[in-house]
Amino acid sequence: MKTGIGEEKINEAYEIAKEAYSRFGVSTDKAIGKALAIPVSIHCWQGDDVVGFEGAEILSGGGLLTTGNYPGRARNGDELRGDAELAFSLIPGKKRFNLHAIYAETDGEKISRDAIEPDHFSKWMSWSKKKKIPLDFNPTVFAHPMADSGYTLASADPNIRAFWIRHCKAARKIASAFGKNQGCPAVNDLWIADGSKDYPADRLGPRRRLNGALDEIFDIKYPAETITDTVECKLFGIGSEAYVVGSHEFYMGYAAKKQIKLCLDTGHFHPTETIADKISAMLLFVPGLLVHFSRGLRWDSDHVTTFSDEMRDACREIVRSGALDKIDIALDYFDASINRIAAWTIGARNLRKALLEALLEPTRLIVDAEKYGRNHERLALMEECKTLPFSAVWDYLCLKSKAPVSAEWLTLVNAYEEKVLRKRQ
Ligand code: RNT
Ligand code: ZN
């Protein structure tokens, strides 16, 4: 496969593209600058199949499932950081790195989840500072004996509830320490799997308990410059097909009540329902959003995100909302059947591509057509945009930001697989 494209050709194609977009009043240079500046939070858990460093061999519980057994899963912090660094070099634009509580590094000491401290993430924090990659965080409220009943923060057992409240408080403390260390807030996303496989008789009780538990967790105040709190809703999971305590309506209400951000995960709604239309609606009632880009294939299967209509629509809505500063953008999927660095790279490059495409939309022209009732013009412009020379702008963005152009990055991933990943067996 010949992947290299000469710099001259890229520049030439870009000049033609630039002219084509300018006819619609769009500056490609500006769009590139903006697209590169949007932080994309890359999830650490694609690198090791959501196993973490607590000694587990596979992901179990929480209704999450990784399948496949491609060689080269990262087995410790150093491997995960090394793999992530290669991915970072292949993904253009601003990046963050998203950790889960199970990625604490405790030097072999067994620390209970409710007793983890910022110190257990000191390696992550110094790496983050050195690489200038800010961190985000998540409490891990699954894959643990205290979660075996299927209920955690909504459990009827006060001991179980208290344990997870302590864990979530510890997570917020850690996130806030990240924020202090990196000079910008760490997003701390709270997601729990609580729910029931079959129809419950009492839907209200668990929700009332979750509401109370969350109040205890969020009543501790941290400076907004250090932490951004978000809560993530879900429709169903494996083992919680009939009922999920933290549903969309539940967290929509909760986030509005507490004035914290709501996390919309693209895989967490009915299969025909997409999140694009939810963005503008929710922005009126909460201080902001976190979007988890994932890809459900028939169910919330967490496949690697593709450059799909769903992703492109969501990015367009994020950009059109004019609220980029209030929307945190993250990836959330895990595929153990393919090279994991490629999985990161494919998903993250797609997301950056979709953001660039959204920024290249001649939104003003389209909105004007709509405003004056010229809806044929609105439709015509939307359709014309689809065949503008977008790929030339994308290639140029990669070239300018020193990321590999086109499929060039595959050579680097394949070489690393040979040299490093295949030796991990
Ligand atoms: C699960 C949620 C959640 C997790 C991560 C690992 O359905 O999407 O965000 O994927 O916390
Ligand atoms: Zn998610």
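The values are calculated or read from the model by the stated rules, or taken from the named source; none is laboratory data. Computed from a prediction, not measured in an experiment: that's the story for all the values here. Virtual Cβ from ideal backbone geometry, glycine too; neighbours counted across all protein chains shown. In case anyone asks, the SASA skips ligands and DNA or RNA and just uses the protein heavy atoms, side chains included. Shrake-Rupley method; radii C 1.70, N 1.55, O 1.52, S 1.80 Å.
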Within the group Ser155, Ser176, which residue is more than 20 Å from Pro39 (Cβ to Cβ), of a type in the set (S, T, N, Q) and at pLDDT 95 or above?
Ser155
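Name the residue that is nearest to Val40 (Cα to Cα), counting only residues in segment 272-287 that are part of a loop (DSSP other than H, G, I, E, B) and within 16 Å of ligand 2 (Cβ to nearest atom).
Ile275
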Please work out which residue is farthest from ligand 2 (Cβ to nearest atom), limiting yourself to segment 234-249 and to residues that are open to solvent by less than 30 Å² (accessible area, probe 1.4 Å) and either among the aromatic types (Phe, Trp, Tyr) or touching an Asp or Glu at 6+ places or on another chain (Cβ under 8 Å) (or both).
Ala242
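Here is a yes/no grid of residues against (1) in a helix (DSSP H, G or I); (2) on the phi > 0 side of the Ramachandran plot; (3) not polar (S, T, N, Q):
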{"residue": "His292", "(1), (2), (3)": "no, no, yes"}
{"residue": "Arg316", "(1), (2), (3)": "yes, no, yes"}
{"residue": "Leu355", "(1), (2), (3)": "yes, no, yes"}
{"residue": "Gly373", "(1), (2), (3)": "no, yes, yes"}
Which ones in segment 267-297 are under 17 Å from the mean Cα position of the chain (by Cα) and β-branched (Val, Ile, Thr)?
Thr274, Ile275, Ile279, Val291
Taking the stated definitions as given, is Ile341 in contact with a Leu (Cβ under 6 Å, 6 or more places away or on another chain), farther than 28 Å from Glu85 by Cβ and not charged (D, E, K, R)?
no
Output the number of the condition that Asn69 fails; it satisfies all remaining conditions of (1) part of a strand (DSSP E or B); (2) out of contact with any helix residue (DSSP H, G or I) (no Cβ under 7 Å at 6 or more places or on another chain).
(1)
When the residues of segment 179-233 are narrowed to those that are of a type in the set (Ser, Thr, Tyr) and within 16 Å of ligand 2 (Cβ to nearest atom), which ends up farthest from Ala255 (Cα to Cα)?
Thr228
Subset tally (residues that are within 15 Å of ligand 1 (Cβ to nearest atom) and either among the acidic types (Asp, Glu) or open to solvent by less than 20 Å² (accessible area, probe 1.4 Å) (or both)) for segment 256-291:
12
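Name the residues in segment 297-309 that are within 14 Å of ligand 1 (Cβ to nearest atom) and either open to solvent by 40 Å² or more (accessible area, probe 1.4 Å) or in contact with a helix residue (DSSP H, G or I) (Cβ under 7 Å, 6 or more places away or on another chain) (or both), would you?
Across segment 297-309, the qualifying residues are Trp299, His303, Val304, Thr305.
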Identity of the residue in segment 82-120, under 30 Å from Ile38 (Cβ atoms) and among the polar types (S, T, N, Q), that ends up most open to solvent (accessible area, probe 1.4 Å):
Ser89
Run Leu324 past the list (1) free of Cβ contacts under 8 Å to residues at least 60 places away in the same chain; (2) surrounded by fewer than 23 Cβ atoms within 10 Å (Cβ to Cβ); (3) of a type in the set (A, V, I, L, M) and report the number of the one that doesn't hold.
(1)
Hey, Ala348 hits all of (1) within 16 Å of ligand 2 (Cβ to nearest atom); (2) more than 15 Å from the chain's Cα centre (by Cα) but one; which does it fall short on?
(2)
When segment 14-67 is checked residue by residue, the ones that are more than 16 Å from ligand 2 (Cβ to nearest atom), open to solvent by 10 Å² or more (accessible area, probe 1.4 Å), of a type in the set (A, V, I, L, M) and in contact with a Ser or Thr (Cβ under 7 Å, 6 or more places away or on another chain) are Leu36
Within segment 131-152, identify whether any single residue is away from ligand 1 (no atom under 16 Å from the Cβ), open to solvent by 30 Å² or more (accessible area, probe 1.4 Å) and in contact with a Leu (Cβ under 9 Å, 6 or more places away or on another chain), and answer yes or no.
no
